[in-house]
1. Could you identify the single residue in A:I152, A:I218, A:I214, A:I168 that is within 23 Å of C:S81 (Cβ to Cβ) and buried (at least 19 other Cβ atoms within 10 Å of the Cβ)?
2. Being surrounded by fewer than 22 Cβ atoms within 10 Å (Cβ to Cβ) and in a helix (DSSP H, G or I) is the filter here; which residues of the range A:155-165 pass it?
3. I'm checking my understanding of the structure. Among residues of the range B:25-47 that are within 10 Å of chain C (Cβ to nearest Cβ) and either among the hydrophobic types (A, V, I, L, M, F, W, C) or in contact (Cβ under 8 Å) with a residue 24 or more places away in the chain (or both), which one is farthest from C:V155 (Cα to Cα)?
4. Considering (1) assigned to a loop (DSSP other than H, G, I, E, B); (2) closer than 30 Å to B:E199 by Cβ; (3) modelled with pLDDT of 95 or more, say which one C:Q226 fails and leave the rest.
5. Give just the number: which of (1) more than 10 Å from every other protein chain (Cβ to nearest Cβ); (2) at pLDDT 95 or above does C:E2 not satisfy?
6. Is at least one residue of the range C:145-164 within 28 Å of A:P100 (Cβ to Cβ), surrounded by 22 or more Cβ atoms within 10 Å (Cβ to Cβ), under 16 Å from the mean Cα position of the chain (by Cα) and not charged (D, E, K, R)?
7. Mind checking whether some residue in the range A:82-96 is farther than 30 Å from B:P82 by Cα, more than 9 Å from every other protein chain (Cβ to nearest Cβ) and surrounded by fewer than 16 Cβ atoms within 10 Å (Cβ to Cβ)?
8. Name, by its number, the condition in (1) under 24 Å from B:D78 (Cβ atoms); (2) within 23 Å of the chain's Cα centre (by Cα) that does not hold for A:N15.
Amino acid sequence: MPMDSNAVISEIRKNFMLESIKNGKRLDGRPLDEYREIKITENFIPKSAGSAMVELGNTKVVAGLKIEQGEPFDDTPDNGVMLLNIELLPMAFPTFESGPPSEQAIEYSRVVDRGIRESKMIDTSKLVIESGKNVWMIFVDIDVLNYDGNIIDACTLAAVTALKNAVIPGSKLGEKDFKLPVNATPVAVTMWKLGDELICDASLEEEQVSTGRITVTISEDNNIHAMQKGEIGEFSLEEIQKAIKTSSNIGNKLREKYFR
Amino acid sequence: METKQIVYPGDRVDVDDLKPRNGMYENNSEYFSEYFGVVQKSEKFIDIAPFNSPYLPRANDKIIGKIMDIGATMWTVDINSPYYSLLHMNDTPWHVSSGDLGRYLNIGDYIYAKISVSNEIKESWLTLRDNGLKKLEVGRIISVKPPKVPRVIGKGGNMINLIKNETDTRVIVGQNGFIWIDGDVDNVNNAITAIKIVEKEAHIIGLTDRMSEYLKKLKGEN
Amino acid sequence: MESNIKLITDDGLRLDGRALNEMRPIKIQTGVVEKADGSAYIEWGANKIIAAVYVREAYPKHAQNIDRAIVKARYNMSGYSVEERKRPGPDRRTMEISKVVTEALESTIVLEKLPRAEVDVFIQVLEADAGTRIASLTTASVAVADAGVPMRDMVVGCTAGKAGGKIVLDLSKDEDNFGEADIPMAILPRTKKIVLLQLDGNVSQEEFDEATSMMMNAIPRISEIQRNALMSKYNVEEGE
């Protein structure tokens, strides 16, 4: 989360927010586990191999895919490759800078990547053109255009939507284009600790007040495929268990609503 | 009824026999707008009131600021402007000793202050030594576009008083566009919604009446 | 680039069905990046570009101009914006575009009204389909006006070029790749002064005149789209 001179928040404001959350209501009136309005625009970039714009309240991200041929990694000669990268664009927040990705962008990228990879959403064995020599490489580029909290969930929604629409350009090999085989729909649900409560889909301001972040990515098999505890701060085992239940419930709802 | 003219950057402004003042530049004795905004004529002057523009510090403005940094003798303050402002420890009601500033105002704290001095390169200094100026203890801060502040306040304060009374909140409007609101969470949210509507629809006719109706309805729902 | 693609059909139309002096559709929207001081999004044909403006004290302090603002436009392309994946980060082409866009904006912003400040203009090309620099500048100009940064005029961009032996307005991707010349230009609509001009290819002096006059004719239409974009955000009703 952007924590810097532009994002400093006063003790008083913190207390006001915490007091309100203790009473089950957030400053924008949402209950603790409620998401902001989600708007998904599929195929936002028609020329990409798959794409989506996701708006989560004021948080706005675009995911776009490029699918190209390339050499597989030495240790996985019979698997295609997926590379996922999140850019926190300097336009998205007053203190984000141009240049190489920040630690924050790298952590976010890796958490989103793990949820998708480990849920076996993509069967990379179906992406081999010639064993050990030539495979399909899926580049998932995600741009954060406006930062208002909860980037991991927004980017996961965007990447999963884009992958579900992805088309492999088989025609480049004189074969047919085909839909990327997809086996799962992982949903990342991130929760933040504010006082003794856990809240979902934090706004930027809530992220700044929180003392810990936990992401749980669950697929329709109800198994956990990625977890990440972020930021300084601690969780009890009970809190983690609660986070998993919440993630499971919300994941099911989001899957039902957006990925039927 | 006089029709207000909307102008874009580069549009010619018909000044008639009025004196051109803000938001215009001259070229071959003609005047052109520097902003997307509205032409405003008074008895003597003609101005362009931009729909949006950054707040630029002006002496005697009462503003709300946020402490960004603490030095040995001065605080650096975000005044919702491209330019930071400074508050010297002697310009406070407290007996602050050098190096001990954080005890009085910490990073992230908000103050209601007055700009005592500003210069042509937009440097400015604040003071807390005047009636009503203070550290803002409880409450929430929102921001509106600085040019909308007069509409949020309304003629003789009628708009902001209406919002305060109908939502049962305490409100201070800084001339820089930061606004402090305090009260019960739901009431504060109602006040914020109302202020945002005024900001967005500042140019619509009969806004005060519509706001009054809106707030009455809101009250009925709670 | 050598090619046998026939860019102008026998009935005098272009491959996408446009007449020689016909532009692609343009749509602009303001206020798309909530955190920024001003922003605008443009769809120009299949181009999709966002520009966001931040106005702040230049940093570090020794980089400040005591009597005027610095302008810094940064043109950046998303990985998925072009046919082959674009590696993130600047390259020689994007750095040149950033520079000419910066200079065009600098020529219209009233720099002395914002001493010591920096006007940062971040441009993100989400989808590229010929003419991105001109579309970027056109939308950046709207974002700067949306931010309330004082300007002497808007900046309006447009391209013309030569394809299939004809002078055409607003080159398509094919015309850009396989045509004979590409001329991006940007002007200040009030004074008709040119603030960006590049040419890449081969045209006669007469053809150049034809191209510029075609662009000058198109400018008022693009200008109108910019104005409507600014206006629509404010629900402005005249006759207050």
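1. That would be A:I168, the only listed residue that is within 23 Å of C:S81 (Cβ to Cβ) and buried (at least 19 other Cβ atoms within 10 Å of the Cβ).
2. A:K164
3. Only one residue tops the list, namely B:V38.
4. Of the numbered conditions (1) assigned to a loop (DSSP other than H, G, I, E, B); (2) closer than 30 Å to B:E199 by Cβ; (3) modelled with pLDDT of 95 or more, the odd one out for C:Q226 is (1).
5. (2)
6. Within the range C:145-164, none of the residues are within 28 Å of A:P100 (Cβ to Cβ), surrounded by 22 or more Cβ atoms within 10 Å (Cβ to Cβ), under 16 Å from the mean Cα position of the chain (by Cα) and not charged (D, E, K, R).
7. Looking through the range A:82-96, at least one residue is farther than 30 Å from B:P82 by Cα, more than 9 Å from every other protein chain (Cβ to nearest Cβ) and surrounded by fewer than 16 Cβ atoms within 10 Å (Cβ to Cβ).
8. Among (1) under 24 Å from B:D78 (Cβ atoms); (2) within 23 Å of the chain's Cα centre (by Cα), A:N15 violates only (2).
The values are calculated or read from the model by the stated rules, or taken from the named source; none is laboratory data. Owing to the predicted nature of the structure, the values given are computational and were not obtained by experimental measurement. As a convention, Cβ positions derive from the backbone with ideal geometry for all residues, glycine included, and neighbour counts pool all protein chains shown.
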